[in-house]
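Everything on this sheet refers to the single structure shown next.
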Amino acid sequence: KQPELRFVDRVVIVTGAGAGLGRAYALLFASRGASVVVNDLGGSRHGDGSSSKIADAVVNEIRKNGGKAVANYNSVLDGAKIVKTAIDAFGRIDVIVNNAGILRDKSFSKMSEIDWDLVQNVHVKGAFKITQAAWPYFIKQRYGRIIVTASNSGLYGNFGQANYSAAKMGLIGLANTLAIEGQSKNIHTNIIIPTAASRLTEDVLPPEIFEQLKPELIAPVVVWLCHEKCMENGSIIESALGWAGKCHVIRSSGSVLRPDLSSNVTPEDVEERWSAITDMSTAKHFDSIAEVTGEFLVTIDAMKSGNFDPQNSVIAKRSY
Ligand code: NAI
């Protein structure tokens, strides 16, 4: 059996921790010894209104169980104030779980700029503001763990969620770069893609699935990702139902579109090679932009040497 994972002297901020997934994360972190800032604005699922009640209820529950927690009622857009709450109450900050979220679902033709901006702001700008406020502490102590919350709606799209899908993919981009900028300082950033029963999903998911999607089954995955022992960085981890897996972006081997470096490419060349360009049978994952540009050299070499048949070769099939 694994020794229990503890968060002794670690301070964790969970945004949107008054309900749903955030609440489950806050309770589990606190039960493992972390001091928790329970942030929640307490508005509606569309982002209207505010109330201190739900954050207070989670703080009370943590304290009743013997844990350490304080409430914060700021919007994530006031990220610096949330970080200040952690510093004032506990003297440090180690973990940020960017979880707060709202929905403003509308089919694309009916989506207003307000629906767009509100969703981008709470998800993407909120994560930017709070994480940037914590970053100098992470750099100084050479330690930090960050979670951003994306969605299958971003990865695959979902009818009526153009604003939300865009925001969730924006968070993946943010996390990809934070993972690179933080790596040498032991600041790790990972992406969680949850599917859980909450007020955001109560009218979307069928009841027999809904009841199996307890947020408490995802919290251990997030807590592990935020532990000092966890070396994962820059990964997309999906979790639901008491299951977890890792997602990767993959790219096809592709096809060279011209016979040599002095030739041009016409739209007809692309049309002719389309099935090879989009053939995913030899697709693979790249770990970095450097790996992708490294492949350009292979392609240039092949074009220089003529070591492929432009009519029929898929260059990467030959190179690997
Ligand atoms: P929820 O609505 O139960 O919890 C979100 C919490 O965030 C609420 O308590 C709300 O008051 C708070 N919040 C909203 N705007 C805020 C702001 N500006 N500042 C501070 N707090 C704010 O929803 P749930 O399902 O627990 O969602 C948590 C996260 O997981 C969200 O980012 C959501 O987009 C994401 N997610 C959830 C999925 C699910 O299946 N439940 C699927 C994919 C992603």
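The values are calculated or read from the model by the stated rules, or taken from the named source; none is laboratory data. Everything numeric in this text was worked out from a predicted model, so none of it was measured. Virtual Cβ from ideal backbone geometry, glycine too; neighbours counted across all protein chains shown. Calculation scope for accessible area: heavy atoms of the full protein, side chains included, ligands and nucleic acids excluded. Shrake-Rupley method; radii C 1.70, N 1.55, O 1.52, S 1.80 Å.
Considering only Cα atoms, the convex hull volume of the stretch 68-194 works out to 100 Å³ per residue.
Rounded to the nearest 10 degrees, the angle from helix 79-90 to the longest Cα principal axis of the chain is 50 degrees. Per the Debye calculation on the stretch 115-183 with a single equal scatterer at every Cα and no solvent contribution, log₁₀ I(q)/I(0) for q = 0.21, 0.23 Å⁻¹ amounts to -0.84, -0.95. Close amide H partners of Ala244, meaning residues 5 or more places away or on another chain with modelled amide H under 5 Å apart, do not exist here. Close amide H pairs (under 5 Å, H built 1.01 Å from N) link Asn72 with Val38, Asn39, Asp40, residues at least 5 positions away or on another chain.
The apolar share of the surface of the stretch 11-247, taken as the fraction of accessible area on carbon and sulfur atoms (1.4 Å probe, ligands and nucleic acids excluded), comes to 55 percent.
3J(HN,Hα) along the stretch 282-291: 10, 5, 8, 9, 10, 8, 7, 5, 5, 5 Hz, from the Karplus curve 6.51 cos²θ - 1.76 cosθ + 1.60 with θ = phi - 60°, whole Hz, x for Gly and Pro. For the chain, find the longest principal axis of its Cα atoms and tell me its angle to the long axis of helix 53-64, 0 to 90°, nearest 10. Between the helix axis and the principal axis of the chain, the angle is about 70 degrees. Taking amide H as placed 1.01 Å from N in the peptide plane, Ala100 has its amide H under 5 Å from the amide H of Thr15, Gly16, each at least 5 places away in sequence or on another chain. Extension gain, Ser305 to Ser288: 0.36 nm times the residue separation minus the Cα-Cα distance gives 3.4 nm.
How about the stretch 109-197: which trypsin sites (Lys or Arg not before Pro) there are in a DSSP loop, with at most 12 other Cβ atoms within 10 Å of their Cβ? Present the calculation step by step, with values, prior to reporting the outcome.
Values: sites: Lys110, Lys125, Lys129, Lys140, Arg142, Arg145, Lys168, Lys185; in loops: Arg142.
Sparse-neighbourhood loop trypsin sites (Lys or Arg not before Pro): Arg142.
Among the chymotrypsin sites (Phe, Trp or Tyr not before Pro) found in the stretch 1-71, not one is both in a DSSP coil and sparsely packed, with 11 or fewer other Cβ atoms within 10 Å of its Cβ.
Restricting to lysines 8 or more places apart or on different chains, can you count the pairs in the stretch 26-113 with Cα atoms under 24 Å from each other? Count of close lysine pairs: 6.
Using DSSP to call loops (not H, G, I, E or B), can you name the chymotrypsin sites (Phe, Trp or Tyr not before Pro) in the stretch 134-188 whose Cβ has at most 13 other Cβ atoms within 10 angstrom? Mind dumping the intermediate values first?
Values: sites: Tyr137, Phe138, Tyr143, Tyr156, Phe159, Tyr164; in loops: Tyr143, Phe159.
Answer by residue number: Phe159.
So for each of 33-40, 81-88 I average, over its residues, the number of other beta carbons within 10 Å; can you give me the resulting order with the highest mean first? Kindly include the intermediate steps, with their values, before the conclusion.
Values: 33-40: 28.6, 81-88: 19.2.
Ranking the peptides 33-40, 81-88 by packing returns 33-40, 81-88.
Once both labels are positioned 7 Å from their Cα atoms along Cα-to-Cβ, the gap between Asp56 and Trp274 label points is 6.2 nm. Shown is the FRET efficiency for Ser44 and Thr177, computed with R0 = 25 Å from the Cβ-Cβ distance and rounded to the nearest 0.05: 0.20.
Using a 10 Å cut-off on Cβ atoms, rank the peptides 290-302, 210-222 from the highest mean neighbour count down.
Details: 290-302: 12.2, 210-222: 18.8.
Packing proxy ranking, top to bottom: 210-222, 290-302.
Let me have the 222 nm mean residue ellipticity of the chain computed from DSSP H runs of 4+ only, each contributing -39500 (n - 2.57), with the sum over all residues rounded to the nearest 500. Walk me through the intermediate numbers first.
Details: 12 runs with 130 residues, N = 320.
After summing the helix terms and dividing by the residues of the chain, the value is -12000 deg cm²/dmol.
Looking at the chain, the accessible area is 51 square angstrom per residue; that uses a 1.4 Å probe and ignores ligands, DNA and RNA. Between Arg92 and Met231, the C-beta separation translates, for a Förster distance of 25 Å, into a calculated FRET efficiency of about 0.70. Evaluating 6.51 cos²θ - 1.76 cosθ + 1.60 at θ = phi - 60° for every residue in the stretch 189-199, the Karplus couplings come out as 10, 10, 10, 9, 10, x, 10, 9, 6, 7, 5 Hz, glycine and proline recorded as x. Rounded to the nearest 10 degrees, what's the angle between the helix 162-182 long axis and the longest principal axis of the chain, both from Cα atoms, 0 to 90? Helix 162-182 and the main axis of the chain meet at about 90 degrees.
Would you mind getting me the FRET efficiency between Phe296 and Ser252? Use the beta-carbon distance for r and R0 = 22 Å, nearest 0.05. Walk me through the numbers before you get to the answer.
Values: r = 16 Å, r/R0 = 0.71.
For R0 = 22 Å, the calculated efficiency reads 0.90.
Using every pair of alpha-carbon atoms in the stretch 149-297, split the distances into 10 Å bins beginning at 0 and state the percent of pairs per bin, rounded to integers. With a bin width of 10 Å, the distribution comes to 10, 27, 30, 20, 10, 3, 0.
Rounded to two decimals, the Cα-based Rg/Rh of the chain, with Kirkwood Rh, is 1.06.
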